[in-house]
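Please treat every number below as a calculation from the coordinates, not as lab data. These numbers come from a predicted model, not from an experiment. Cβ coordinates were reconstructed from backbone atoms using ideal geometry, including for glycine residues, and neighbour counts include every protein chain displayed.
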Amino acid sequence: MPEEKIRLFNRELSWIEFNARVLDEALRDDVPLLERLRFLTIVSSNFDEFFMVRVASLKEECLRSPESCDTAGVPVRERLSRLSARVHELVNTQFRCLREEILPGLEREGLVYVPPSKYTPAQLRFLDSFFMGEVFPLLTPLRTNANEEFPSIGNLRLHAAFLLRSTISMPDGPLANFLETAGVLPVPDSLETAEGHPPLAIVQIPASITRVVWLPDEGESRCFTLLDDVVRSFGQRLFPGFSIEESLLFKVARDADRAVDEERDDDFIAAIQEVLASRLSSVPVRLLCTGESPVILDSLKRSMGLDDDDVYHVPGPIDLPTLVELANVEGYDRLRNPHWRAFWPVELPQDRPFWDELKRSDVLLHVPYQSYEPVLRFVNDAADDPAVLAIKMTLYRTSGDSPIIRALERAARLGKHVTVFVELKARFDEERNIVWVQRLEQAGIIVVYGIARLKVHAKILLAVRRETEGIRRYVHLSTGNYNDKTARFYVDMSLFTANEEIANDATVFFNMISGYSAIMNTKRLVMAPIDLKPKLLSLIEREIERSSPENPGRIMAKLNSLADPEIIEALYRASGAGVKVLLNVRGVCMLVPGVAGLSENVTVVSIIDRYLEHTRIFCFENSGANEVWLSSADWMSRNLDRRVELMFPVLQESIRKTVRDVLQLYFADNVKAHYLQSDGSWTRRRRVEGEPAVRIQEVLYEAERKRTEIFEKEPQREFSVRRN
């Protein structure tokens, strides 16, 4: 009996392999040192979130139903075991790279990490003063032993643990008996735990102090140590009367998969805040530690209910995400990627509002190759223009000091009707979004907190303007968040348009998600969870129907993740019908490519480079009358079935051609591209001899640079573009 083909890769293992590709960039000698360090920090941040969400969910599933299987038939226990083994392998590679390549490489460049064993007398004097003056007042050592409740260990907070032994000399005779009876001075035996071990003290490393501690300059090198090294080195000051026998640095990842109570209509913000508070003390799912102390490690595992598979013991330094400060240190640009300027799009004026240009033509914005400033300008113009009557937009994630928020507040104070849909359930941004909600409401803005049991993930902005010929609406639609900070390194596309059909759909969309309208049909915009998945399935089926051996169909898509079983099965059918399916998937891909009789016409490529690929582009050949769509949604069940998302068409022919050409280039990359194999592994594409290097991000940057240079040489040049 022939072996049954695997039809779906496991989602969690696929996600882990995405991080293996990120880690691969950190291992490359042709990547600048500080960029390699940045990739290491990204891997650590990703794993922190992975354990808090996905592993926590799997552990809950294992407790609830230990025999449950995924779509590939793998039991949950086996999944947990396999992912633990693979993550351990990657974490070991990550820290080996840090200690054997990155830190020695930085030292050769004059950026020197000094561990406690190598402190000079001058550095010790400096750190002694620093510890007593800046650190000691903030520390709170918490004692624990077998007879006491273990102290609270905050989620992802860096801690030091110290194993102590009394150095107090006990008096003899009646005085000792009196002191013991009075409880004034314990005898040494009472300092032992039930297992005969000395007591354990836990100290949280303060997050309010920068973790990188710069040491006095010595020669031409800049030297630094870490705050946790300082606490371990001078921790003795915290425990007079005791000696430190052993120490361990650690951090714990806790379950962050708890959902907000959607039935809390009385105070939804309070319900969100309860979820945030619960994360600090929820069930531990991983322990990351460094240091040699079997006694401390055993105590931590036992108190937190963790198994050996849950412990990641590394040589350190741990908590790599906080080392991003080091990656950004000034004066070492030679150890970073060359600076790439973000260019102003030549289609838009820099000295006046965009209204007139948008009435003539749609405009595509491709960040970070192009500047995000036009989005900020659009919002600010809408806020300040007396002719603008109303602004409506969605906010999923935005920056800490958002200029968009300030513009919306100003618009409301100027008397405009402003409505903002803030998704409070955006995981790990809930606290920031609550602050935005309170600020927006104080400014007189109508705020909608989202939709029960759905996350509003669509990215759309509508400005309503009174003009001579009547009311005119201007729309901005995006594949990425309204976040001016991430727009500097996330690759996204967005569209400015005054197209009346899209504007009508935008109005309908806002009415629906505000709860003032029943579900209505839209002409151009496609909305999840209403009709986005059916639309995608119909587009795939149309490609199948119109494909022939003489003129095979073609589907190209660029995504962050591909995990929806229905979409995957439709793509398999397309492959079987001879349709060429080209998929650019940055992260999770559950589809199995290159299998005879199933997916031999499917190619999956992933690009990991200096910018994070975030654009969602879908292109259907349609017998030569190709259709191009942009979207906020990945092809995952959560996006298509449990989120409010938008897919929008690229109607203008010139822009459609640009987007299609860009998408096609992603499959020509031979520098940063990895290809998914039918066994689930990823292989970096290698150039054949004589083949020119094609690095898609560099190609796109150079194309935009040259386009800008041509325009700047001919500033009076005008473009005559007709809308379809």
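Based only on other Cβ atoms within 10 Å, what is the fewest-to-most ordering of M512, M393, M590?
Ranking M512, M393, M590 by Cβ neighbours within 10 Å, fewest first, gives M512, M393, M590.
Please report, in Å, the Rg and the Dmax of region 527-713, where both are computed over Cα atoms only.
In Å, with Rg to one decimal and Dmax whole: 16.7, 55.
Mind checking which aspartates and glutamates have their Cα closer than 16 Å to the Cα of K5? Skip sequence neighbours fewer than 8 apart in that chain.
Here the aspartates and glutamates satisfying the reach criterion relative to K5 are D70, E569, E600, D679.
Let me check I have the definition right: for region 355-524, take the eigenvalues of the Cα gyration tensor, multiply each by 5, take square roots. What are those semi-axes in whole Å, largest first?
Semi-axes, largest first: 22, 19, 17 Å.
Per Stokes-Einstein, at 4 °C and 1.567 mPa s, what whole-number D in µm² s⁻¹ belongs to region 270-398, with the Kirkwood radius over Cα pairs as the hydrodynamic radius?
62
Quick one: which residues, 5 or more positions from R254 or on another chain, have an amide H under 5 Å from its amide H? H modelled 1.01 Å from N in the peptide plane, none for Pro or chain starts.
L156, V285
What pairs from K392/K533; K580/K657; K657/K713; K672/K713; K392/K535; K580/K672 go past 30 Å between their alpha carbons?
Too far apart for the 30 Å limit: K672/K713.
Quick one: what Rg and Dmax do you get for region 524-636 from the alpha carbons, in Å?
When restricted to Cα atoms, region 524-636 yields Rg and Dmax of 13.4, 40 Å.
Which of the peptides 537-547, 204-214 is most tightly packed, and how do the rest follow, judged by the mean count of other Cβ atoms within 10 Å per residue?
Result, highest mean Cβ count within 10 Å first: 537-547, 204-214.
Summing -39500 (n - 2.57) over the DSSP H runs of n ≥ 4 in the chain and dividing by its residue number, what mean residue ellipticity at 222 nm do you reach, to the nearest 500 deg cm²/dmol?
-10500 deg cm²/dmol
On average, how much area does the Cα convex hull of region 308-362 cover when viewed from any direction, in nm²?
For the Cα atoms of region 308-362, the hull's average projected area reads 9.2 nm².
In straight Cα distance, which lysines are under 30 Å from K118, not counting same-chain residues fewer than 8 positions off?
Reachable lysines: K251.
Over what distance in Å are the Cα centres of region 574-624 and region 44-103 separated?
Using only Cα atoms to place each centre, the spacing works out to 26 Å.
Debye calculation, C-alpha points only, no solvent: report log10 I(q)/I(0) for region 568-620 at q = 0.18, 0.23 Å⁻¹, in the same order as the q values.
So the normalised log intensities are -0.60, -0.88.
Can you check how the C-alpha radius of gyration of the chain compares to 2.2 N^0.38 Å, as a plain ratio?
1.07
Taking H as built 1.01 Å from N, whose amide H comes closer than 5 Å to the amide H of I460, not counting residues under 5 places away?
Those lying under 5 Å, H to H, from I460 are T394.
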